[in-house]
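What follows is one structure encoded as structure tokens, with my remarks underneath.
The values are calculated or read from the model by the stated rules, or taken from the named source; none is laboratory data. Keep in mind the model is a prediction, meaning the values are calculated, not measured. Positions of Cβ are generated from backbone atoms using ideal geometry, with glycine treated the same way; all protein chains shown enter the neighbour counts.
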Amino acid sequence: MANPPGWIDEVFEGVRYGLAGRVIAEQASPFQTVTIIESERYGKGLLLDGCWMTAERQERHYHECLVHPALCSAAAVERVLVIGGGDGGTARECLRHPGVRHLDMVEIDGLVVEWSQQHLPTIGGGCWSDPRFHLTVGDGIAWAANAPDASYDVVIVDGSDPAGPAEGLFNRAFFEHCRRLLRPGGVFATQSESPEAFREVHLAMVRLLREVFGHADPMYGWVPMYPSGWWSWTFAAPDGRRYLEPDSVRAAVVADGCEIWSPRWQRGAFEAVPAAIERDLNR
Ligand code: PUT
């Protein structure tokens, strides 16, 4: 019998972020509890360990903003590494760039991939069958540690929150490997949590990325289903703040198909640093 409709909530520090809907599949993988829901407002969605990850009619808020500032600004985009990203949305947005010739995606949890393909096929779209796309179900931290120096033009971290299997995606050793993997002119991108709900985690990430890469800037936007709805992505590059300026030719290829991201939106989002966060980052 189908689960009855009700409220599905992410509960975080005394606040509930919820959608009306019902659970259609739930299973403990070796790494986490994977839940697929069907909601009235945003369609089918995915939670990991009870935390919102994505939903069919909202994922663009997140994936477009994580991908295009990096793919529009790296010196080249021939080789891309995505760590995490098991729903396929980040890979899908990367593969809209015709300059991408080879994309490695390393996702730790095979159940996330399997259920995203089965229940959320529009999120990955054509990525799963694109000949440029190479999926490894395995440990992205080990992949970053073992890949050769200067083997990617862009490295993107699309992890869950810093607890459970994603914890190791938020530390210095991992970021140092990500920097080592970049070719000259390369760009690094990561989701960097909410400046409101996860303020201290967010600040620590931006500071650490500045130390490791030399240049790093957060960009602020909205993912309404995530805690506080207010989200951030941080971009870093060893050779300067090149991620601030999208290449107009590359941007023109993808911008028309975007719901949120555009070069103009991006300019505002990099400028929209909350005053107190800016003070804290400059201390
Ligand atoms: N990749 C999803 C980001 C985490 C949202 N809580």
Could you say whether any residue in the stretch 22-42 is in a strand (DSSP E or B), under 30 Å from VAL187 (Cβ atoms) and not aliphatic (A, V, I, L, M)? no
Kindly provide the set of residues from the stretch 155-196 that are modelled with pLDDT under 95, among the aliphatic types (A, V, I, L, M) and crowded, with 16+ Cβ neighbours inside 10 Å, ordered by number. ALA166, LEU169
For PRO69, all conditions in the list (1) surrounded by 21 or more Cβ atoms within 10 Å (Cβ to Cβ); (2) more than 14 Å from the chain's Cα centre (by Cα); (3) not small (Gly, Ala, Ser) hold save one; what is the number of the exception? (2)
Within the stretch 146-155, can one find any residue that is charged (D, E, K, R), under 17 Å from ASP217 (Cβ atoms) and free of Cβ contacts under 8 Å to residues at least 40 places away in the same chain? no
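Quick grid of which residues meet (1) within 16 Å of the ligand (Cβ to nearest atom); (2) more than 26 Å from PRO246 (Cβ to Cβ):
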site: HIS119; (1), (2): no, yes
site: ASN146; (1), (2): no, yes
site: ASP158; (1), (2): yes, no
site: HIS177; (1), (2): no, yes
site: GLY186; (1), (2): no, no
site: ALA197; (1), (2): yes, yes
site: HIS215; (1), (2): no, no
Conditions (1) surrounded by 21 or more Cβ atoms within 10 Å (Cβ to Cβ); (2) in contact with a His (Cβ under 6 Å, 6 or more places away or on another chain) -> ILE36 fails only (1)
List every residue pair whose Cβ atoms lie under 6 Å apart, where the two residues are 6 or more positions apart in sequence or sit on different chains, the first residue falls within the stretch 65-89 and is closer than 15 Å to SER248 by Cβ, and the second residue, located anywhere, is away from the ligand (no atom under 16 Å from the Cβ) and basic (Lys, Arg). CYS72/ARG250; SER73/ARG242
Please verify whether the stretch 21-32 includes one or more residues that are within 16 Å of the ligand (Cβ to nearest atom), buried (at least 16 other Cβ atoms within 10 Å of the Cβ), over 20 Å from VAL137 (Cβ atoms) and modelled with pLDDT of 95 or more. no
Taking the condition polar (S, T, N, Q), in the same structural domain as GLN266 (by TED's automatic domain parsing) and assigned to a helix (DSSP H, G or I), does SER116 pass? yes
Out of all the residues in the stretch 216-233, is one or more more than 29 Å from ARG16 (Cα to Cα) and out of contact with any strand residue (DSSP E or B) (no Cβ under 8 Å at 6 or more places or on another chain)? no
All but one of (1) within 16 Å of the ligand (Cβ to nearest atom); (2) surrounded by 15 or more Cβ atoms within 10 Å (Cβ to Cβ) hold for SER151; which doesn't? (1)
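Within the stretch 33-42, can you find the residues that are more than 18 Å from ALA166 (Cα to Cα) and modelled with pLDDT of 95 or more?
Within the stretch 33-42, the subset more than 18 Å from ALA166 (Cα to Cα) is 36-42.
Within the stretch 33-42, ILE36, ILE37, GLU38, SER39, ARG41, TYR42 meet the criteria.
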Would you mind finding the one in GLY86, GLY124 that is within 17 Å of the chain's Cα centre (by Cα), within 16 Å of the ligand (Cβ to nearest atom), buried (at least 20 other Cβ atoms within 10 Å of the Cβ) and assigned to a helix (DSSP H, G or I)? GLY124
Filter the stretch 128-145 for residues that are crowded, with 16+ Cβ neighbours inside 10 Å, touching an Asp or Glu at 6+ places or on another chain (Cβ under 9 Å) and without any contact (Cβ under 8 Å) to a residue 40 or more places away in the chain and give the result. LEU135
If TYR17 meets every condition in (1) away from the ligand (no atom under 14 Å from the Cβ); (2) of a type in the set (Ser, Thr, Tyr); (3) surrounded by fewer than 19 Cβ atoms within 10 Å (Cβ to Cβ) apart from one, which number is that one? (1)
When you scan the stretch 160-174, how many residues do you find that are touching a Phe, Trp or Tyr at 6+ places or on another chain (Cβ under 8 Å) and small (Gly, Ala, Ser)? 2
